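K.L.:
The structure that follows is given in the form of structure tokens.
The values are calculated or read from the model by the stated rules, or taken from the named source; none is laboratory data. All values derive from a computational prediction rather than experimental measurement. Neighbour counts are summed over all protein chains in view; Cβ atoms, including those assigned to glycine, are modelled from backbone coordinates with ideal geometry.
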Amino acid sequence: MERALTLRLDNASKSFARVENDGITHALQNINLEMHKGEFVTLVGASGCGKSTLLRLIAGLIIPTTGALTVNGKVIDGPDPNRGMVFQQPTLFPWLTVKQNIEFSFRMQGKKGSEYIGKVERMLQMIGLEEFQDTYPGQLSGGMAQRVTLARSLICEPEILLLDEPLGALDAFTRMNMQDEILSMWTKSHQLVVMVTHDVDEAIYMGTKVVVMHANQGQISAEIPIELDYPRNRSSALFIEYRNRILDMLNYGKKK
């Protein structure tokens, strides 16, 4: 029987030394959070509230100053291929074509082209770049390059997929299409997805749970389960109710 995946943050804090005045910045303080396989968790909050720091802790790119992060009880102490991450800016290999970038992980695993070529072709169709498969990253727009970066991470289906504002560089139409494509892949893979976004509508549209971060304290203000069926209607009364509730928490909504 397949073991359910559980990601836990137990009193996790992260501080950074500040050059000016020999001070310390407390990016995250005493974060307690539990996430499971099959969840799509979205993180929202003001710039500098610690969202991306939290994502990097989960990825193992940095380690907590205090507390611990674990996956099924095993401490996260470094990067792992089962935790894939997509950054805000495209991170492609400039010497490889679009197609070669997408199939890079399969090549590193020693797989033959016949084992993955169909999957790569479907991914190219999904991101709308079939005609650019032999193009190099330097010849792509920022939005196109980010689509390739997303495809490279999605195609490997890691147990935990970490997305740091991955759709910010895309135009509105492409962004909504990619939201639906990511959700489609997630519903098939049942992986745990954790995504940082500044877009409250995007957080509600995609997430099974929205985690609202406090603007100044590096702490979690609320965990809000989103009890809406997929696909979601952005203009429904309940969707708008969630939006207003979260915006009020972020101090962007109308003060009462």
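K.L.:
Check whether at least one residue in region 106-113 is polar (S, T, N, Q), out of contact with any helix residue (DSSP H, G or I) (no Cβ under 8 Å at 6 or more places or on another chain) and not assigned by TED's automatic domain parsing to the domain that holds ILE224, and report yes or no.
P.N.:
Checking region 106-113: at least one residue is polar (S, T, N, Q), out of contact with any helix residue (DSSP H, G or I) (no Cβ under 8 Å at 6 or more places or on another chain) and not assigned by TED's automatic domain parsing to the domain that holds ILE224.
K.L.:
Related question: Among the numbered conditions (1) assigned by TED's automatic domain parsing to the domain that holds LEU150; (2) in contact (Cβ under 8 Å) with a residue 40 or more places away in the chain; (3) aromatic (Phe, Trp, Tyr), tell me where PHE40 comes up short.
P.N.:
So PHE40 meets the others, but not (1).
K.L.:
Can I ask one more? Please list, ordered by first then second residue, the pairs with beta carbon atoms under 7 Å, 6 or more apart or interchain, first in region 152-163 and at positive phi, second surrounded by fewer than 20 Cβ atoms within 10 Å (Cβ to Cβ) and not acidic (Asp, Glu).
P.N.:
If the second residue must be surrounded by fewer than 20 Cβ atoms within 10 Å (Cβ to Cβ) and not acidic (Asp, Glu), the pairs left are GLU157/SER189.
K.L.:
Filter region 178-208 down to the residues that are surrounded by fewer than 16 Cβ atoms within 10 Å (Cβ to Cβ) and outside any loop (DSSP other than H, G, I, E, B) and list them by number. Working first, answer last.
P.N.:
So in region 178-208, the residues surrounded by fewer than 16 Cβ atoms within 10 Å (Cβ to Cβ) come out as 180, 184, 187-188, 190, 198.
Within region 178-208, ASP180, SER184, THR187, LYS188 qualify.
K.L.:
I'm trying to understand the selection: among the residues of region 229-240, which are without any contact (Cβ under 8 Å) to a residue 12 or more places away in the chain and surrounded by 11 or more Cβ atoms within 10 Å (Cβ to Cβ)? If you could, list the steps in order and put the result at the bottom.
P.N.:
Keep residues of region 229-240 that are without any contact (Cβ under 8 Å) to a residue 12 or more places away in the chain, which gives 229, 233, 235-238, 240.
Scanning region 229-240 gives ASN233, SER236, LEU238, ILE240.
K.L.:
What tally of residues in region 26-51 results from selecting those that are surrounded by fewer than 18 Cβ atoms within 10 Å (Cβ to Cβ) and under 22 Å from HIS198 (Cα atoms)?
P.N.:
Residues flagged as surrounded by fewer than 18 Cβ atoms within 10 Å (Cβ to Cβ) and under 22 Å from HIS198 (Cα atoms) within region 26-51 amount to 6.
K.L.:
Please work out which one of (1) surrounded by fewer than 20 Cβ atoms within 10 Å (Cβ to Cβ); (2) over 19 Å from ASN82 (Cα atoms); (3) in contact (Cβ under 8 Å) with a residue 12 or more places away in the chain is the condition ARG147 fails and give its number.
P.N.:
Status for ARG147: all satisfied but (1).
K.L.:
So the check is Cβ under 9 Å with 6+ separation or different chains; which pairs have a first residue in region 195-210 that's touching a residue at least 24 places away in the same chain (Cβ under 8 Å) and on the phi > 0 side of the Ramachandran plot and a second one that's surrounded by 22 or more Cβ atoms within 10 Å (Cβ to Cβ) and among the small types (Gly, Ala, Ser)?
P.N.:
none
K.L.:
Take the conditions farther than 27 Å from GLU39 by Cα, under 18 Å from the mean Cα position of the chain (by Cα) and buried (at least 21 other Cβ atoms within 10 Å of the Cβ) and apply them to LEU92. Does it pass?
P.N.:
Details: farther than 27 Å from GLU39 by Cα: yes; under 18 Å from the mean Cα position of the chain (by Cα): yes; buried (at least 21 other Cβ atoms within 10 Å of the Cβ): yes.
For LEU92, the condition - farther than 27 Å from GLU39 by Cα, under 18 Å from the mean Cα position of the chain (by Cα) and buried (at least 21 other Cβ atoms within 10 Å of the Cβ) - is met.
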